[in-house]
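Chemist: First, the structure itself, so that you have it in front of you.
Read-outs throughout are calculated quantities, based only on the coordinates presented, and are distinct from any laboratory measurement. Not measured: the values here are computed from a predicted model. Ideal geometry is used to build each Cβ from the backbone, glycine not excepted, and the neighbour counts take in all protein chains shown.
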Amino acid sequence: MNGIYEVRPVSSPIKGVARVPGSKSITNRALVLAALADGQSTIQGALFAEDTLIMAECLRRLGFTIEAHEANDTFYVHGAGGIIPAEAAELFTGNSGTTMRFLTALCALGKGSYRLDGVERMRQRPIQDLLVALRQLGANVESELGNGCPPVHIGPGAITGGSVRIKGTASSQFISAILMIAPVLPHGLHAAIEGALVSRPYVEMTVRMMREWGAQVDAGDLSAIRVEPSCGYRARTYCVEPDASAASYFFAAAAVTGGEVKVEGLGTASLQGDVAFVDVLEQMGCTVIRREHSIEVKGPAQLSGVNVDMNAIPDTVMTLAAIAPFATSPTTIRNVENLHYKETDRLAALVTELTRLGVSVDAHFDGLTIHPAPRLRPAQVDTYDDHRMAMSFAITGLRAPGIAIRNPECVTKTFPDYFRRLEELCASGRAFTEGDA
């Protein structure tokens, strides 16, 4: 792609089955739970992308044996029963938030000295609330620069568990990180969540996976969560679902072209909150067919704007923003303040790039209002090294000619062959024109 991906609009509705890789969120949780379990676990259908490979490599540096078989999307993980084998390690987490947050908690179980660092953007992403919570449990952790952001240093401590109070308003990953280590703590965990819980479905995912691996968790309404002491995890074979956030782009492609797209492996019993993105598309006029093991979206002749609280599904905000200009009325996205602190400031990036395309956007601190745009300007879209910017605006280009994506390689973070799979899906919407030619 030589640093630029030129999007080719489709000339007719796209129809087909989209191929979606394994969930990043589930894969990285499974890697952590398998490392904490006693014995060998097999993780099937796993995502092989930058974020998950970074997690696997960091776990190896902590002394765990992990065999990666990319050809069949499988990791084999030899767990150590709640022990961190290495007594010292330098861990580079790139811009993987789950790796930084989950392994900060995991390293607190160790008997030695550990340092976690990442790219420059990671050094700007707050982690102080997690550090405060870990200290309440007896951990010796600190922000190396004293600013509440990585690098993080973990020294020898005596983390035993017990009661902890942690804010729910900053990042669900902080809560998931604490929860996942709790079953191996001698005093277990009684966590009180303060304030509204952001990205709630991700904590629900963590709890469900912990139970599937043998932990005893009483989660209630997620305002107070109790994990029984020393219950541990049991090694197992675990199958990873397709990534619902990744599926959102293909569902949006159906919506914006009036087409029909099915994703298999995602259904009514999915672990992932982001399947609720199809509920938003339904409000916009799409027809959604939900089955136990598949979801199909059929796009309307014309999309309608929506006013939605997307706090529970923030990773799909950019997908919605990318198709909102084609609706007949404004679209307002609310309660996603935490997007300021992701791989880039996603709200600011959306305002900049939509404006570049000639779209009128009203910025709010916790969201956006995007107005209909009868005609978009041709432009090269900056991605800010953010995979979701690249994948989302590629969908915009299916309807608007002249859109190109800068630095498309950034999708390797979660979906290395995204553009190839998008081209496969869009072939049905180009076949008639190209065949005539």
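Chemist: If r is the Cβ-Cβ distance from residue 218 to residue 160 and R0 is 22 Å, what FRET efficiency results, to the nearest 0.05?
Modeler: With a Förster radius of 22 Å, E is 0.65.
Chemist: Another question, then. Rounded to the nearest 500 deg cm²/dmol, what is the calculated helix-only ellipticity per residue at 222 nm for the chain, with -39500 (n - 2.57) per DSSP H run of length n ≥ 4?
Modeler: Mean residue ellipticity at 222 nm (helix-derived): -9500 deg cm²/dmol.
Chemist: Measure nothing fancy, just the Cα-based angle from helix 172-181's long axis to the longest principal axis of the chain, in degrees from 0 to 90, nearest 10.
Modeler: 40 degrees
Chemist: When only DSSP loop residues count, what trypsin sites (Lys or Arg not before Pro) in segment 336-419 have their Cβ near at most 16 other Cβ atoms within 10 Å?
Modeler: The qualifying sites are 375.
Chemist: Once both axes come from the Cα atoms, what is the angle between helix 346-356 and the longest principal axis of the chain, in degrees from 0 to 90, rounded to 10?
Modeler: The angle comes out at about 20 degrees.
Chemist: So which GluC sites (Glu not before Pro) in segment 98-161 are both in a DSSP loop and have at most 11 other Cβ atoms within 10 Å of their Cβ?
Modeler: 120
Chemist: Along the Cα→Cβ direction, 7 angstrom out, place labels at residue 136 and residue 194. What is the inter-label distance in nm?
Modeler: For residue 136 paired with residue 194, the spin-label model returns 0.7 nm.
Chemist: Restrict the search to segment 245-298; then list the GluC sites (Glu not before Pro) that DSSP places in a loop and that have at most 16 other Cβ atoms within 10 Å of their Cβ.
Modeler: The qualifying sites are 292.
Chemist: Taking the Cα centre of segment 177-325 as origin, sum charge times position over the Cβ atoms of Lys and Arg (+1) and Asp and Glu (-1), and report the length of that vector in debye to the nearest 20.
Modeler: 260 debye
Chemist: Could you list, in their original order, any pairs among 24/262; 15/342; 342/413 whose Cα atoms are separated by more than 22 Å?
Modeler: Exceeds cut-off: 15/342.
Chemist: Explain nothing, just the number: dipole magnitude of the chain about its Cα centre with +1 on each Lys and Arg Cβ and -1 on each Asp and Glu Cβ, in debye rounded to the nearest 20.
Modeler: It works out to roughly 220 debye.
Chemist: Now, a different point. Just to confirm the number: angle between the C-alpha axis of helix 387-396 and the first principal axis of the chain, 0 to 90 degrees, nearest 10?
Modeler: Its long axis makes an angle of about 20 degrees.
Chemist: Can you give the extra length, in nm with one decimal, that the chain gains between residue 283 and residue 365 once fully stretched, where that is 0.36 nm per residue apart less the Cα-Cα distance?
Modeler: 27.1 nm
Chemist: Further question: Rounded to whole Å, give me the distance from the Cα center of segment 328-362 to that of segment 78-103.
Modeler: 33 Å
Chemist: So, one more: Apply the a/c threshold of 1.5 to the C-alpha gyration tensor of segment 139-238 and tell me whether it is rounded, prolate or oblate.
Modeler: oblate
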